[in-house]
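The values are calculated or read from the model by the stated rules, or taken from the named source; none is laboratory data. Values in this document were obtained by computation on a predicted structure and should not be read as measured data. Methodologically, a virtual Cβ is constructed for each residue, glycine included, from the backbone with ideal geometry; neighbour enumeration extends over all protein chains shown.
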Amino acid sequence: MTSGTPHSIQHRRRVRLELEVLEARDLPSGSVFALSTPGDPPAATVVLDIRGTGMTFDQRGLPASFQGNIYIGLQPLGPVIGQYEETLTPLLLDGLFIGTLGQATFTFFPGALGDQPLATLHTFEVSFLQGVIPPIGALYVNSVGTITGASGAVAPVQGGFTSASLLVLGPPFASNTWVDFTVQ
């Protein structure tokens with residue numbers, strides 16, 4: 001999302017699912033849309049890099065959860081500023097795994113990990129597989145979501161986000177995710 005993204009009168013984000021052609025198959029895609037209201041404060045955009053540290057699978061072998069370290073910007077430079085945890089529900093279309101619904105928690109720390117959290121964001125998102133990158137054996141995934149709750153220094157923030165991920169399910173597991181939050 002870009003800075004200045006409008007939002008609805010109720011300050012809620014809606015997710016629209018559409019079918020689009022991808023690799024000669026019809027797969028759902030997601031987008032966030034909303035209407036602006038006069039007098040809304042300007043939006044701010046924050047870009048984060050998440051490097052995966054763990055993943056679990058359900059009884060069918062599909063992703064059930066992710067964990068990761070959060071960095072500021074588009075590269076994992078500097079100190080880890082937080083932890084990311086997400087619980088996933090697989091999405092199937094005609095028996096094929098096409099993506100997930102997720103509930104995530106982004107916890108930010110003022111100093112070393114283990115300090116009391118400075119801020120926590122809770123989100124809900126929908127993620128869809130966009131393709132495979134054969135040379136590295138990675139899945140390319142796009143996500144769209146909304147902030148459902150916040151505490152600490154960021155309360156009462158509202159907004160949404162988009163993200164792009166490269167996932168290698170392993171072994172060994174690897175995950176690089178770039179998140180673009182737009183907050184009010």
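For residues that are free of Cβ contacts under 8 Å to residues at least 24 places away in the same chain and not in a strand (DSSP E or B), scanning just region 130-154, find the one that is nearest to residue 103 (Cα to Cα).
Among residues in region 130-154 that are free of Cβ contacts under 8 Å to residues at least 24 places away in the same chain and not in a strand (DSSP E or B), the one nearest to residue 103 (Cα to Cα) is 134.
Report, by residue number, each residue of region 83-103 that is within 18 Å of residue 176 (Cβ to Cβ) and among the aromatic types (Phe, Trp, Tyr).
Across region 83-103, the qualifying residue is only 84.
All but one of (1) outside any strand (DSSP E or B); (2) at pLDDT 85 or above hold for residue 35, so report the exception by its number.
(2)
Can you name the number of the only condition in (1) closer than 18 Å to residue 47 by Cβ; (2) of a type in the set (Gly, Ala, Ser); (3) surrounded by fewer than 16 Cβ atoms within 10 Å (Cβ to Cβ) that residue 61 fails?
All conditions pass for residue 61, except number (1).
Does residue 87 meet the test of being among the hydroxyl-bearing types (Ser, Thr, Tyr), more than 19 Å from residue 119 (Cα to Cα) and at pLDDT 90 or above?
Here the answer is yes, as residue 87 does meet what is asked.
Per-residue answers, yes or no, for (1) of a type in the set (S, T, N, Q); (2) loosely packed, with under 14 Cβ neighbours inside 10 Å:
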| position | (1), (2) |
| --- | --- |
| 67 | yes, no |
| 72 | no, no |
| 79 | no, yes |
| 84 | no, no |
| 92 | no, yes |
| 108 | no, no |
| 121 | no, no |
| 134 | no, yes |
| 160 | no, no |
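Within the bounds of region 56-69, is there any residue that is under 14 Å from residue 165 (Cα atoms), in a loop (DSSP other than H, G, I, E, B), touching a residue at least 24 places away in the same chain (Cβ under 8 Å) and in contact with a strand residue (DSSP E or B) (Cβ under 8 Å, 6 or more places away or on another chain)?
Checked against the condition, which is being under 14 Å from residue 165 (Cα atoms), in a loop (DSSP other than H, G, I, E, B), touching a residue at least 24 places away in the same chain (Cβ under 8 Å) and in contact with a strand residue (DSSP E or B) (Cβ under 8 Å, 6 or more places away or on another chain), region 56-69 yields no hits at all.
For residues in region 38-80 being at pLDDT 90 or above and among the hydroxyl-bearing types (Ser, Thr, Tyr), which is nearest to the chain's Cα centre (by Cα)?
Looking at the filtered set, the residue picked out is 65.
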